[in-house]
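Everything on this sheet refers to the single structure shown next.
FYI, it's all coordinate maths here, none of it is from the lab. Because the structure is a prediction, the values reported are computed rather than measured. Here the Cβ positions follow ideal geometry from the backbone for every residue, glycine too, while neighbour counts run over all protein chains shown.
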There are 2 protein chains.
Amino acid sequence: MSYTIGIDIGGTNTDLGIVDESGRIVARRRLPTNRYTEPGPYVRDMMQEVNGLMHDISATTVEGIGIGAPNANYYTGYIDNAPNLTIKGRLNLAEEIQRYMAVPVALSNDANAAAYGEYIYGGARGMQHFILFTLGTGVGSGIVIDGKLVHGGSGTAGELGHNILIPDGRLCSCGRKGCLEAYTSARGIVQTYQELRHEAGLSDVAISSKEIGDLARQGDNLALQCWERTGRLLGIAMANAVTFSAPQAIFLMGGPTQVGEPLLRPLRQSFEEHLLHIYAGHCVVLMSQLPANDVAILGAAALVKMKP
Amino acid sequence: MSYTIGIDIGGTNTDLGIVDESGRIVARRRLPTNRYTEPGPYVRDMMQEVNGLMHDISATTVEGIGIGAPNANYYTGYIDNAPNLTIKGRLNLAEEIQRYMAVPVALSNDANAAAYGEYIYGGARGMQHFILFTLGTGVGSGIVIDGKLVHGGSGTAGELGHNILIPDGRLCSCGRKGCLEAYTSARGIVQTYQELRHEAGLSDVAISSKEIGDLARQGDNLALQCWERTGRLLGIAMANAVTFSAPQAIFLMGGPTQVGEPLLRPLRQSFEEHLLHIYAGHCVVLMSQLPANDVAILGAAALVKMKP
């Protein structure tokens, strides 16, 4: 049996897992990322956990180590100035890891990794062209063309959350206006809900996107309208993405998508309405088939499988 | 010396050229496409012209034949139901040609071909990641990633002219609303000019995008505003395209771009204003370096050079 290591680096924790050929995470470990300020001790302890994982299942070798992290660069193997990390400056991760273990190391950002996880272990198996959108604090995306992740010239391709959907629209966390993320991230969804309350003559209320999902499932009219607006915009963004790479499918994942039909029904309707006719019938919108708790590790591990 | 054949199939004429390694078209011929209704005689006469071209320069072999045409499919070698052709139904061009000459045949749509021409013979030489926008009757695009044209799942990728830029905006020729093409094609530019006239209390006038260019160069205020609006929207569309593939450059070609600075100045300003900060300094907007009269043949010939 051949194994790969998947490592998901978040600001709070680093989650590590060892994955078998079938895509099962056979052992997991966790390291508190925010306890480190220097690369040296962080990589040393990370590799101690990697050895621990191999020991847990009596594996003597692994095929490689894949890492998903915000700001991770596939070409250089660096994580540069990630704003959410306590380790500052440049983390030359690929090279540092290879001092401990002579295996291939592949890095990419977390959304790209999730897309590749879908390709190797999830619903995109066998597809050569697809795009994944992941909704959460932000809106991330990963693009696969000819079975390879698109990294582009600078290694930072696939930021469809920052496609400008409404010129001069809502202020986005990136400082520009009208990005998809400003409308369809967890925060964007809450903002839409508050706007609908204002339109109905109501004042703001403290609420999360998950709670707006609960309200929608109970049939609350404002909450249903909120998901309707969100789905409509996401459908336009997805139809626009199709004009780029003519994918076979667009996958969707992330917390806010768990509301289900209140989002998916208007999304699919808007997607079909806004899809250029030559693509009709050639591209479907699908939910991710990876378990939410496994996506980060499976995605990272999948990076090891990418063709050069 | 090695030669390639480039064939540009238009509704009125089919332009053929033989191209040397340096990108010089050393001989040209023309066939009236609209005289044919059946594939057989059309391909026979086309191949007679190909033989004529080889005879013109005393070439005994060619590296391959590249063809640019609306609706041409790279994967299948077909041209299917092109609305502008008098030859109806399916034109199985790759196979038909190979009955006459045992050489590689590569087809793609005209905008994709133009992009690949820029890569092999023009300003994109040495770049692995770039996008080309071509303005004219429509707005076409071609996307190159890792030195290869993006054709996608169905062979019809790269239709950025039909990215929806203004949801519920202007009616586009495709039947949807708010596409880039509705604003920045030759017709879209004229429509913007008429809108500006209405805003100024003036009535419609019969005018072409070329004449609006002439007026702008003479300092006409309404014409300058028209190019300003056009450039602003094109800059947003280009900044959006960067979030997809993080290209090193975006190239621009086509009739309306010949107006120069009245379009390019606001375009570059808008592009920089709307570019996500992580891409700042990594992508430049450039004019095509291929002569307007040679683009179609050079682009078609370049398709022969694409890596499998």
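What does the charge count near residue B:269 come to, summing +1 for each Lys or Arg and -1 for each Asp or Glu among other residues with Cβ under 13 Å from its Cβ? Don't skip to the answer; put the middle values down first.
Details: positive: B:229, B:232, B:265, B:268; negative: B:228, B:261, B:272, B:273.
Net charge in that neighbourhood comes out at 0.
Database remark: amide H of residue A:141 closer than 5 angstrom to the amide H of A:134, A:160, A:161 (H placed geometrically; neighbours at sequence offset of 5 or more, or on other chains; Pro and chain starts carry no H). Relative contact order of region A:126-287, taken over Cα pairs closer than 8 Å and 6 or more residues apart, is 24 percent.
For residue A:27, the residues whose amide H sits under 5 Å from its own are A:18, ignoring neighbours fewer than 5 places away on the same chain, with H placed 1.01 Å from N. Around the amide H of residue B:286, modelled in the peptide plane, lie the amide H atoms of B:250, B:251, B:252, all under 5 Å away and 5 or more residues distant in sequence or on another chain. Grab the other residues whose beta carbon is less than 13 angstrom from that of residue A:90, score K and R as +1, D and E as -1, and report the net. Summing Lys and Arg as +1 and Asp and Glu as -1 gives -3.
On a straight-distance basis, which aspartates and glutamates could pair with residue A:148 in a cross-link, Cα separation under 17 angstrom, same-chain partners fewer than 8 positions away excluded? In chain and number order, the partners are A:110, A:118, A:159, B:146. Across region B:105-111, rounded Karplus estimates of 3J(HN,Hα) from the backbone phi angles (6.51 cos²θ - 1.76 cosθ + 1.60, θ = phi - 60°) give 10, 10, 10, 7, 6, 4, 6 Hz, Gly and Pro being marked x. Per-residue mean of foreign Cβ neighbours for B:62-75 is 0 (Cβ atoms of other chains, 10 Å radius). When the convex hull of its Cα atoms is viewed from all sides, region A:126-287 shows a mean projected area of 10.0 nm². Peptide A:274-283 has a mean shielding of 5, counted as Cβ atoms of other protein chains within 10 Å of each residue's Cβ.
Whole-Hz Karplus values for region A:264-271 come out as 6, 5, x, 4, 4, 4, 5, 4 Hz, taken residue by residue from phi with 6.51 cos²θ - 1.76 cosθ + 1.60 and θ = phi - 60°; glycine and proline positions read x.
In deg cm²/dmol and to the nearest 500, what is the mean residue ellipticity at 222 nm of chain A if only DSSP H runs of at least 4 residues count, each as -39500 (n - 2.57), divided by the residue total?
The helix-only estimate for chain A comes to -11500 deg cm²/dmol at 222 nm.
Normalising the Debye intensity of the protein assembly as shown to I(0), with uniform scatterers on Cα atoms only, and taking log10 at q = 0.07, 0.09 Å⁻¹ returns -0.48, -0.78. Restricting the calculation to alpha carbons of chain B gives Rg and Dmax of 19.9, 65 angstrom. Phi angles across region B:161-175 convert, under the Karplus curve 6.51 cos²θ - 1.76 cosθ + 1.60 with θ = phi - 60°, into 3J(HN,Hα) values of x, 10, 6, 7, 9, 10, x, 6, x, 4, 5, 9, 4, 7, x Hz, Gly and Pro given as x.
Based on alpha-carbon centroids, what's the gap between region A:207-266 and region A:64-81 in Å, whole number please? A separation of 30 Å, based on Cα centres. Counting only other chain Cβ atoms within 10 Å of each residue's Cβ, the peptide A:140-153 averages 5. Against chain A, whose longest principal axis is taken from its Cα atoms, helix A:39-56 shows a tilt of about 80°.
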